[in-house]
Amino acid sequence: MTVLHQNEYRSFLPRFYRLATVSVASNMMVPLAGLCDTAFLGHLQDLKYLAGVILASILFDYLYRILKFLRNSTNAMTAQAAGEDDSEGVLLAGLRSGLVAVAIALLILCLQYPIQKLGFFILSGAQNIELAGMEYFNARIWGAPAVLLNFVLIGWFLGREKIGIVFLISAIANGSNVVLDYLMIIRWDWSSAGAGWATALSQYLALLIGLIAMAVTIEGQDLKQALPKVLERQALRGAIVLKANVLIRFLALISAYSIFTNFSAGIGTELLAENGLLLQIALLSQFTIQGVGMTTQTLIGNFKGKGDLTKLMPLMVTAIVNSLPIALMFALATLLFPQPLFGLLTSHSEINQAIAQYTVWLLPLLSFTAIAFMLEAYFIGLKEGAVLRNASLIAFLLVFLPIVSTAWYWQSVELLWLSLTMYMFTLVLYLGWQMFQTQRRLTQQPNTELETV
């Protein structure tokens with residue numbers, strides 16, 4: 001390692017680990033709360049409630065997880081504005097994103113009935129499982145406005161590196177979710193509907209905390225000056241284009257996981273439960289890794305705003321080196337200790353025994369996911385959403401769909417897992433190649449400008 005690169009690492013490593021620690025901790029709370037949902041439902045006598053919530057969660061993967069583009073794009077815009085010391089730009093990034101979030105949330109609430117009908121028409125499952133899933137959907141859907149605004153607030157505070165506030169919002173959302181799960185599922189016996197109401201209400205509690213924090217950290221005069229500029233056509237268009245490209249990335253990723261889950265349900269209820277539990281571990285790993293990814297895109301955007309381009313590659317090396325061990329830890333835990341681990345999530349012995357044969361797939365899947373997420377963070381931080389869009393479409397349309405279609409035709413569980421793994425591997429190849437091309441372009445820009453002068 002050269003002296004220059006050693007100095008570059010020293011300049012941001014403390015900042016990186018400070019941000020990553022809080023981001024990882026706050027991100028891990030989300031799947032941990034989901035695991036609590038699963039654990040509470042998995043210990044009910046009737047398996048239909050667990051299977052129904054797993055099935056209904058496919059719809060919320062589309063409605064909520066793909067809409068995390070609001071968080072990522074807000075983070076990127078805020079971080080670059082903060083790097084440029086543009087306080088008005090920082091505020092406008094949050095306000096414009098909040099406006100988009102409210103519009104989408106109101107649309108979701110207005111269309112909730114057709115979304116439910118269409119979703120469960122497409123999804124596969126026994127009638128009693130679908131009824132349990134609909135109860136969960138009908139309750140959780142009312143949390144949409146709070147969920148989307150929380151995405152914006154978390155992205156905005158991350159872009160400003162207000163990590164304490166991010167942690168507080170996440171702690172309130174997920175801590176209250178666990179408490180409400182216990183009350184509504186165990187104490188009040190609301191089963192799958194209770195899980196939905198618990199999740200929705202916990203998001204509103206978190207939103208209240210986020211709005212209070214926003215009001216405290218901004219000046220009234222700054223807000224008064226920024227409000228008339230929120231609807232400026234060119235700036236709003238640029239924000240929407242970035243969000244649309246990042247949306248396509250989330251849509252492709254969640255579509256892959258949703259098709260995987262739906263095909264699992266089509267093969268059998270027990271396989272749906274087995275693969276659903278494995279995906280819970282995969283999601284726990286992904287949410288943890290996303291904490292590192294959010295830190296990476298924050299710093300990438302900040303460095304780009306300040307013009308510190310020499311720090312981009314050292315940051316990427318740091319991000320990948322730190323995210324891979326996290327993925328391997330989760331994969332090896334399920335591979336080496338499947339019975340004790342999944343025994344915590346379900347008391348159904350037949351599920352717990354059969355699941356061990358598929359745990360090996362988490363090793364390549366989570367490893368490729370860790371690298372892919374860091375590469376995606378690089379392009380989101382630079383606000384180069386088109387690269388992200390193209391990578392996602394290539395991986396989904398040209399690689400995932402042919403393999404998963406073959407898996408469905410042959411009813412092959414192994415091919416199902418291969419389809420997800422190859423999706424992530426394709427992202428790594430394409431985005432890695434694009435990153436080196438982008439780095440070459442960025443490092444040549446200063447030389448070109450100097451020659452022109």
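Miscellaneous remarks
- C-alpha long axis of helix 3-42 to longest principal axis of the chain, angle in °: 20 degrees
- Calculated FRET value between GLN437 and LEU109, using beta carbons and R₀ = 51 Å, to 0.05: 0.75
- Farthest towards the positive end of the charge dipole of the chain, among the residues VAL321, ILE267, GLN116, is the Cα of VAL321, using unit charges on the Cβ of Lys, Arg, Asp and Glu.
- Charge tally in the Cβ shell below 14 Å around ASN322, where Lys, Arg are +1 and Asp, Glu are -1, ASN322 excluded: +2
- Sites SER11 and GLU270 - FRET efficiency at Förster radius 56 Å, r taken between beta-carbons, to 0.05: 0.60
- Segment LEU211-LEU118, extension gain: residue separation times 0.36 nm, minus the distance between their alpha carbons: 30.1 nm
- Cα-centred dipole magnitude for the range 3-452, charges only on beta-carbon of K, R (+1) and D, E (-1), debye, nearest 20: 820 debye
- Spatially close Lys pairs in the range 3-452, defined by Cα atoms under 17 Å apart and a spacing of eight or more places or different chains, total 6.
- Range of Cα positions in the chain per principal axis (Å), largest first: 73, 47, 35
- Put simply, when 215-226, 323-334, 244-255 are sorted by average Cβ atoms within 10 angstrom per residue, most first, you get 244-255, 323-334, 215-226.
- Ordering of 16-26, 232-242 by packing [mean C-beta count within 10 Å, highest first]: 16-26, 232-242
- Theoretical FRET efficiency, 1/(1+(r/R0)^6), r = Cβ-Cβ of GLU350 and ASP86, R0 56 Å, to 0.05: 0.45
- Remark: the range 410-423, residue by residue, has Karplus-estimated 3J(HN,Hα) of 8, 6, 9, 5, 5, 5, 4, 5, 5, 4, 5, 5, 6, 4 Hz, where x stands for each Gly or Pro and the curve is 6.51 cos²θ - 1.76 cosθ + 1.60 at θ = phi - 60°.
- Dipole-positive endmost among GLN234, ALA25, ALA101 within the range 3-452 (Cβ charges, Cα centre): GLN234
Read the figures in this text as sums done on the coordinates, not as results from a lab. Bear in mind that the values here come from a model prediction, so they are computed numbers and not experimental data. Glycine also receives a Cβ, built like all others from the backbone with ideal geometry; neighbour counts cover every protein chain displayed.
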